[in-house]
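Working notes, beginning with the structure itself.
The values are calculated or read from the model by the stated rules, or taken from the named source; none is laboratory data. Quantities reported herein were computed from a predicted structural model and do not represent experimental measurements. Here the Cβ positions follow ideal geometry from the backbone for every residue, glycine too, while neighbour counts run over all protein chains shown.
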Amino acid sequence: MASTHAFQTDDSRLLPIKDKVAAGERLSEADALVLYGTGDILAVGWLANWVRERMHGDVAYFNVNRHINPTNVCIAACRLCAFGRKKDSPGAYTMALEEAFQIASTGYTEAITEFHIVGGLHPDLPFQYFLDLVSGLKERFPQVHMKAFTMVEVAYLAKRSKLSIRETLVKMKEAGVDSLPGGGAEIFADRVRHIICDHKIDGDDWLNTARVAHEIGLKSNATMLYGHIENDEDRVDHLMKLRALQDETNGFQTFIPLAFHPANTPLEHLPTTTGMLDIKQIAVSRLVLDNFPHIKSYWQMMTPKIAQISLRFGADDIDGTVVEEKIYHDAGATTPQGLRRQDLIRLIKEAGREPIERDTLYRPVTRTGTSFTVSV
Ligand code: V47
């Protein structure tokens, strides 16, 4: 475990930040900009690791999950995305409900504890399709947690069904949604949002949808898409807005920085992120989001190698088995579609951490044969 006297830096601007971290004081926007601006990644990582170990000791979390993307048909045409298709375009698909139920049970031999369900903004699929999807999955897999629908999908379905955000979320919860994933947050700053995803809800609407979800008792995650046209100020603004909402609701579980994959998107002229930025993004997130319990280094986005190293730079979670991934693979990701449980355990152990399988709410999972129990 880290200790204060081992801290070393060649950047004196980090010394007052170290004092704040030692005292458990909240970092300011100016501090966050210094962290982004410094080249001393080891010092930033050391501080983030210190906070991470104060919160979680040596534990690192993973889960056994499966992604289900019911449709890639999407009206939004975001420049950041290679997954969405217009309704009649080649490659467009929409799963019949029975097909989604069948897919849910394929591809992994150990019992899944979470379905992660997200998809495009389909112009014709009725709200009832999504409710039936969740209730049908719940009926067939009652022990599996449904982490379903981003704030963007919730807001779109609300608009199309002429319901309020609250009414929409209540209906989803009644159908079996247990929590919400963190997608669609991208970067809240309007200047950037207008370029990368101009038809999506704006940052305030994303935050407000999350607020309502938390108010009705649904936990959620939050993400930030980085490594495209945003600058340090935009990243800091994004983190500060999430931190402020978390002060209000305490409904966020995990923050997941997502590295932009440019291939096959209208922004494919942009370079991919570098290892330095990926690691720094994890560390800065841990230091700034002092009220978020977990920082996830999502191995699909970061690569298993960077995700593993992140466990020493602020992250305490690397996500799960996933099984089938479409959003980043359409955008050129070269990571595998899924990892086995034992692969995740090995990554964590070789980082010198203690692997704990969790459910979506971070309760430890114990496996016996092909079934599991969750400690509550
Ligand atoms: O919102 C889309 C991103 C997100 C690209 O909550 C892209 O546990 C990079 O939110 N390059 C969806 N990123 C995924 C997501 C997520 C993933 C894992 C776990 C959780 C969680 C949430 O993927 C989108 C968008 O920000 N995305 N296209 C791309 N070309």
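Against the conditions (1) surrounded by 24 or more Cβ atoms within 10 Å (Cβ to Cβ); (2) touching a helix residue (DSSP H, G or I) at 6+ places or on another chain (Cβ under 6 Å); (3) over 16 Å from residue 219 (Cβ atoms), residue 135 satisfies every one except (1). Condition check for residue 90 on (1) at pLDDT 95 or above; (2) buried (at least 19 other Cβ atoms within 10 Å of the Cβ): one failure, at (2).
Per-residue answers, yes or no, for (1) at pLDDT 95 or above; (2) more than 16 Å from the ligand (Cβ to nearest atom); (3) of a type in the set (Asp, Glu):
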{"site": "313", "(1), (2), (3)": "yes, yes, no"}
{"site": "335", "(1), (2), (3)": "no, no, no"}
{"site": "342", "(1), (2), (3)": "no, yes, no"}
{"site": "353", "(1), (2), (3)": "yes, yes, no"}
{"site": "358", "(1), (2), (3)": "yes, no, no"}
{"site": "364", "(1), (2), (3)": "yes, yes, no"}
{"site": "376", "(1), (2), (3)": "no, yes, no"}
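Of 263, 244, 210, all but one fail to be over 21 Å from residue 133 (Cβ atoms) and surrounded by 22 or more Cβ atoms within 10 Å (Cβ to Cβ); the exception is 210. Could you tell me whether residue 231 is surrounded by fewer than 22 Cβ atoms within 10 Å (Cβ to Cβ) and either of a type in the set (S, T, N, Q) or not assigned by TED's automatic domain parsing to the domain that holds residue 301 (or both)? Taking the combined requirement at face value, the residue satisfies it. In this structure, residue 275 does not satisfy being surrounded by fewer than 20 Cβ atoms within 10 Å (Cβ to Cβ), of a type in the set (Gly, Ala, Ser), outside the structural domain of residue 37 (by TED's automatic domain parsing) and within 13 Å of the ligand (Cβ to nearest atom). Taken over segment 344-376, residues that are more than 13 Å from residue 62 (Cβ to Cβ) and of a type in the set (A, V, I, L, M) amount to 3. Among the numbered conditions (1) out of contact with any Lys or Arg (no Cβ under 6 Å at 6 or more places or on another chain); (2) crowded, with 20+ Cβ neighbours inside 10 Å; (3) more than 30 Å from residue 332 (Cα to Cα), the only one that residue 65 does not meet is (3).
Put simply, of 43, 23, 111 the only residue that is surrounded by fewer than 16 Cβ atoms within 10 Å (Cβ to Cβ) and not assigned by TED's automatic domain parsing to the domain that holds residue 308 is 23. Name the single residue that is surrounded by the most Cβ atoms within 10 Å (Cβ to Cβ) among those in segment 286-302 being more than 13 Å from the ligand (Cβ to nearest atom) and free of Cβ contacts under 8 Å to residues at least 60 places away in the same chain. Residue satisfying both the conditions and the ranking: 289.
The lone criterion from (1) touching a Phe, Trp or Tyr at 6+ places or on another chain (Cβ under 6 Å); (2) part of a loop (DSSP other than H, G, I, E, B); (3) modelled with pLDDT of 90 or more left unmet by residue 323 is number (3). When the residues of segment 339-374 are filtered to those that are in contact with a Lys or Arg (Cβ under 9 Å, 6 or more places away or on another chain) and assigned to a loop (DSSP other than H, G, I, E, B), the one that is surrounded by the fewest Cβ atoms within 10 Å (Cβ to Cβ) is 352.
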